[in-house]
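One structure is given below, encoded as structure tokens.
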Amino acid sequence: MSATPSFFQTPSPPGLTGIKAWLLTHDHKRLGLMYLWAVLFWFVVALTVGFLIRIELMSMGRTIMSAEVYNSAFTLHGVIMIFLFVIPGIPAIFGNFFLPIQLGTDDVFFPRLNLLSWYLYMIGGLLALISLFTAGGFPDTGWTFYVPFSVGTNNNVSLTVFAAFILGMSSMLTGLNFITTVHRMRIKTMGWMQIPLFTWSLYATAWVQLLATPVISITLVLVIFERFFQIGLFDPDRGGDPILYQHLFWMYSHPAVYVMILPGMGVISEIIPTFSRKAIFGYKAIVASSLGIAVAGSLVWAHHMYTSGMSDVAVFVFSLLTFLVAIPTAVKVFSWVSTLYRASIEMTPPLLYGLIFIYLFSVGGLTGLVLGAAGTDIHVHDTHFVVAHFHFTMFGGTGFAFFAALHYWWPKMFGVMYNFKRAYLAATLATVGFMFHYVPMFILGLKGMPRRYYDYLPQFSQGNSLAAVGGLLLFSGIILMLVNLVLSLRSRQVAAANPWGGCTLEWSVPSPPPLHNFVSEPRVMAYPYDFSEIIARESQGK
Amino acid sequence: MDNSSDATGVRIGMWLFLYSEIILFGGLFVLYAVYFHNYAADFVEGGRQLDRVIGALNTIILLISSFTVAASITAVRRQQKRWAQGLLAFSCGCGALFLVNKYLEWGAKFHHDLYPNSATLVDGPPGQNIFFGLYYVITGLHALHVIIGMSLLAWSLIGVSNGKVNQLHFGRLENSGLYWHLVDLIWIFVFPLFYLVL
């Protein structure tokens, strides 16, 4: 270990001591950690709410909550998971922490704006919390806030929608910051084709954040206006068109799906080559597919609306475009698998999470094609099939990529190593639980069980009780995983600077990194995934 | 960690932000486009009821203020502090004048019972309701941007006065100016869409 003090230990300037050293910091690493704790808090809250929903559905009729509470519960679960966990999760935590280091620089371009983004995130979360307990309680509209219900319901929609607006602003400013950082702060010796893939994926994501978020902002503002002034812009009685709301909403919210998944793909693109000790297969193809997904993903929003009453031509065009997105996505999956082929694989917890990601995400992606095809979608639209599909992509995909990132970068962020055995056990438990939780939902959906319903017919009871058992396993697996990570902070088993044998720049600095990230001028390799030096060093050691 | 010396980077960030503002209004223009397609005749009728003279006056006011903001940047670069202060104060005044006109215009419409959820609009043709609904949303949101722009110009004026904005460091003024041009630009689109729709 080098003797350089880490960013935890570096003394703060006078007037910025104690808690202020964190709350007023401009350091991207501290902000990343502040995001980490806030995001984990919200994740556990939403996870618990989701678990309670499953308990409610375990048996027919009322189990633990009333129908009204149930409606608010699935809305709360959706809003928190989407706006407070999945969208900000990887970019705000790992992006903030590692994007500047991977680019060989000491911070993001606008450090003060970065701090502002964190505060906006916290304010958004706080407003969501306040809306739970004031004026009519949390919305029961679902996270999509569809009109006319969202305009008519008595629940506290305005405040929740405003919270989502603030959170959107936070995400957009982070994107703006990342784009500028990649362009202006990248170390001079690093060309575009030498940027690590995680940073590339964040760059593609940042453009989507910047391009799409203002559309949701204006849509949410319109919902608030409608509630206060009854303008009637979406009210058919007054000449408005409710379908137009859905278009505006998905014009953001579908691209947002790629804001959620692209950084996760970036994480996997880092982990797979590191533990294969092998250059990643198709670096340029992965970069191109990230950008391809960002572009194509912005043009498919109306596939959420096949049954809403669009013209057949529109359905056809959006169905075709949806299928096109599968191509760059498959390019990535095949590249990861090809990297693993004939590699000297070293099994570690991050790699295990990464492999689980590939499997679960592939299932999610392939069932997405069932929904993207207009014909089959009519049959399963708004059923539990959809619920299972997007949980496979969002939870099995982004969620597990997030866990993989936690395990991959934890030793770098805190300088401590966690217990491997417990990590493996947690991953296995969570995955087995995951399958038992969501596979029954595919079957329930195909048999016609609608989503968001409080009660169901007797023929659906077997699947629902099985899903509840799976939910319990999944829930306990994830709690075990988080507990294991937190325990590592107490046992303090010191981690080396490069415990995995990675070769992107973050592994060339001490763990945890010093305040200005680099002790000496970073050395950029001609190709970011060249493991020859690592392998040579390892074989010498043996 | 201080990037204020990299003016290009700061400018990139500002342009990206302006771009997001345009998309924000873009969502509203999409609504306008669809509803204009549905209710072309009502939109024409609605446009006749707006005061073109005040609208044109406001367009001229904003164009002039855009010019004076640009001129103030040149003045700062030439170290003509007095000029810069005067030009910025004048631009802020233009913004205020714009808002006064807007107030008079909205007041007159309210007087004619044309405002969201008014009896005339609720009972009238649906196209008319949508036209005035969009009119209030878009011009209201634009007016909010005028207020933000004026605050930024005032902040730059303070900077010029206490010397923080000078011929070497005028990023604050330049970016406030860019924002003001955006406010102007959006109005250039709003004006024909509502006042000159035929």
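The values are calculated or read from the model by the stated rules, or taken from the named source; none is laboratory data. Just so it is clear, the model here is predicted, and its values are computed rather than measured. When we count neighbours, we look across all protein chains shown, and the Cβ atoms used for this are built from the backbone with ideal geometry, even at glycine. Note: areas computed on protein heavy atoms with side chains; ligands, DNA, RNA excluded. Shrake-Rupley method; radii C 1.70, N 1.55, O 1.52, S 1.80 Å.
Suppose the filter is surrounded by 19 or more Cβ atoms within 10 Å (Cβ to Cβ), under 30 Å from A:Asn154 (Cβ atoms) and away from chain B (no Cβ under 14 Å); does A:Ser66 pass it?
The answer is no for A:Ser66.
Tell me the residue from A:Ala401, A:Ala423, A:Ala388, A:Ala343 that is in contact (Cβ under 8 Å) with a residue 40 or more places away in the chain, outside any helix (DSSP H, G or I) and either over 23 Å from A:Ser308 (Cβ atoms) or not acidic (Asp, Glu) (or both), please.
After ruling out the rest, the residue left standing is A:Ala343.
When you check B:Asn117 against the structure, is it crowded, with 21+ Cβ neighbours inside 10 Å, within 14 Å of another protein chain (Cβ to nearest Cβ) and without any contact (Cβ under 8 Å) to a residue 60 or more places away in the chain, yes or no?
Spelling it out, it is not the case that B:Asn117 is crowded, with 21+ Cβ neighbours inside 10 Å, within 14 Å of another protein chain (Cβ to nearest Cβ) and without any contact (Cβ under 8 Å) to a residue 60 or more places away in the chain.
Could you tell me whether B:Val69 is closer than 25 Å to A:Gly240 by Cβ and either more than 8 Å from chain A (Cβ to nearest Cβ) or at pLDDT below 95 (or both)?
No, not satisfied.
Please verify whether B:Phe90 is closer than 16 Å to B:Gly149 by Cα, facing chain A (nearest Cβ under 10 Å), open to solvent by 50 Å² or more (accessible area, probe 1.4 Å) and not acidic (Asp, Glu), treating the condition exactly as stated.
No; evaluated as a whole, the condition is false for this residue.
Considering each of A:Val370, A:Val439 in turn, give the residue that is at negative phi, in contact with a helix residue (DSSP H, G or I) (Cβ under 8 Å, 6 or more places away or on another chain) and at pLDDT 95 or above.
Answer to the selection: A:Val439.
Tell me yes or no: at least one residue of the stretch B:137-150 is away from every other protein chain (no Cβ under 14 Å) and farther than 23 Å from A:Ile231 by Cβ.
Yes - at least one qualifying residue is present in the stretch B:137-150.
Could you tell me whether any residue of the stretch A:438-460 is in contact with a Lys or Arg (Cβ under 6 Å, 6 or more places away or on another chain) and assigned to a helix (DSSP H, G or I)?
no
Yes or no: A:Val44 assigned to a helix (DSSP H, G or I) and surrounded by fewer than 18 Cβ atoms within 10 Å (Cβ to Cβ)?
yes
For every residue, the table says whether it meets (1) in contact (Cβ under 8 Å) with a residue 60 or more places away in the chain; (2) open to solvent by 10 Å² or more (accessible area, probe 1.4 Å).
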{"position": "A:Gln462", "(1), (2)": "no, yes"}
{"position": "A:Ala467", "(1), (2)": "yes, no"}
{"position": "A:Ile478", "(1), (2)": "yes, no"}
{"position": "A:Pro512", "(1), (2)": "yes, yes"}
{"position": "A:Val519", "(1), (2)": "yes, yes"}
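Here is a check on your reading of the model: is A:Thr393 closer than 21 Å to A:Gly142 by Cα, β-branched (Val, Ile, Thr) and assigned to a helix (DSSP H, G or I)?
For A:Thr393, the condition - closer than 21 Å to A:Gly142 by Cα, β-branched (Val, Ile, Thr) and assigned to a helix (DSSP H, G or I) - is met.
Looking at A:Tyr252, is it in a helix (DSSP H, G or I), more than 14 Å from chain B (Cβ to nearest Cβ) and within 16 Å of the chain's Cα centre (by Cα)?
no
Among the listed residues B:Thr59, B:Thr139, B:Thr68, which satisfies the condition of being touching a Ser or Thr at 6+ places or on another chain (Cβ under 8 Å) and of a type in the set (Ser, Thr, Tyr)?
Unique residue meeting the criteria: B:Thr68.
Just checking, does the stretch A:348-357 include any residue being part of a loop (DSSP other than H, G, I, E, B), in contact (Cβ under 8 Å) with a residue 60 or more places away in the chain, out of contact with any strand residue (DSSP E or B) (no Cβ under 7 Å at 6 or more places or on another chain) and open to solvent by 40 Å² or more (accessible area, probe 1.4 Å)?
The answer is no; no qualifying residue exists.
Does the stretch A:295-320 hold any residues that are over 23 Å from the mean Cα position of the chain (by Cα) and assigned to a helix (DSSP H, G or I), and which are they?
Passing the criteria: A:Asp312, A:Val313, A:Ala314, A:Val315, A:Phe316, A:Val317, A:Phe318, A:Ser319, A:Leu320.
Out of everything in the stretch B:8-66 that is part of a loop (DSSP other than H, G, I, E, B) and more than 10 Å from every other protein chain (Cβ to nearest Cβ), what residue ends up being farthest from A:Phe249 (Cα to Cα)?
B:Asp51
Determine which single condition A:Pro411 fails, assuming it passes every other condition in (1) more than 30 Å from A:Tyr529 (Cβ to Cβ); (2) open to solvent by less than 20 Å² (accessible area, probe 1.4 Å).
(1)
Yes or no, residue by residue, for (1) over 20 Å from B:His37 (Cβ atoms); (2) at pLDDT 90 or above:
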site: A:Ala206; (1), (2): yes, yes
site: A:Val223; (1), (2): yes, yes
site: A:Arg227; (1), (2): yes, yes
site: A:Tyr245; (1), (2): no, yes
site: A:Tyr252; (1), (2): yes, no
site: A:Ile261; (1), (2): yes, yes
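Just the residues that are crowded, with 19+ Cβ neighbours inside 10 Å, closer than 18 Å to A:Leu366 by Cβ and not polar (S, T, N, Q), please, taken from the stretch A:296-332.
Residues satisfying the conditions are A:Ala296, A:Gly297, A:Val300, A:His303, A:Val325, A:Pro328, A:Lys332.
Residues that are away from chain A (no Cβ under 14 Å), farther than 21 Å from B:Ile12 by Cβ and in contact (Cβ under 8 Å) with a residue 12 or more places away in the chain: does the stretch B:163-177 have at least one?
Looking for residues that are away from chain A (no Cβ under 14 Å), farther than 21 Å from B:Ile12 by Cβ and in contact (Cβ under 8 Å) with a residue 12 or more places away in the chain, one finds at least one in the stretch B:163-177, hence yes.
Among the listed residues A:Ile268, A:Ile216, A:Ile286, A:Ile231, identify the single one that is open to solvent by less than 10 Å² (accessible area, probe 1.4 Å), without any contact (Cβ under 8 Å) to a residue 12 or more places away in the chain and either closer than 30 Å to A:Gln194 by Cα or facing another protein chain (nearest Cβ under 10 Å) (or both).
Checking each option against the conditions leaves just A:Ile231.
Has the stretch B:96-114 got any residue that is open to solvent by less than 30 Å² (accessible area, probe 1.4 Å), in contact with a Pro (Cβ under 8 Å, 6 or more places away or on another chain) and charged (D, E, K, R)?
Within the stretch B:96-114, none of the residues are open to solvent by less than 30 Å² (accessible area, probe 1.4 Å), in contact with a Pro (Cβ under 8 Å, 6 or more places away or on another chain) and charged (D, E, K, R).
For the stretch A:484-516, give me the residue count where each residue is out of contact with any Ser or Thr (no Cβ under 6 Å at 6 or more places or on another chain) and under 27 Å from A:Lys278 (Cβ atoms).
13
Give the number of residues within the stretch B:51-97 that are more than 21 Å from the chain's Cα centre (by Cα) and among the β-branched types (Val, Ile, Thr).
2
Those residues that are of a type in the set (A, V, I, L, M), in a loop (DSSP other than H, G, I, E, B) and either more than 13 Å from every other protein chain (Cβ to nearest Cβ) or touching a Phe, Trp or Tyr at 6+ places or on another chain (Cβ under 6 Å) (or both), I need them from the stretch A:88-135; list them, please.
A:Leu103, A:Ala135
Please indicate, with yes or no, whether at least one residue in the stretch A:196-211 is at the interface with chain B (Cβ under 8 Å from one of its Cβ atoms) and either of a type in the set (A, V, I, L, M) or not in a helix (DSSP H, G or I) (or both).
Yes.
This table checks each residue for (1) under 17 Å from the mean Cα position of the chain (by Cα); (2) surrounded by fewer than 20 Cβ atoms within 10 Å (Cβ to Cβ); (3) of a type in the set (Lys, Arg).
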| site | (1), (2), (3) |
| --- | --- |
| A:Gly104 | no, no, no |
| A:Pro148 | no, yes, no |
| A:Thr153 | no, yes, no |
| A:Phe165 | no, no, no |
| A:Met172 | yes, no, no |
| A:Arg186 | no, no, yes |
| A:Thr189 | no, yes, no |
| A:Leu202 | yes, no, no |
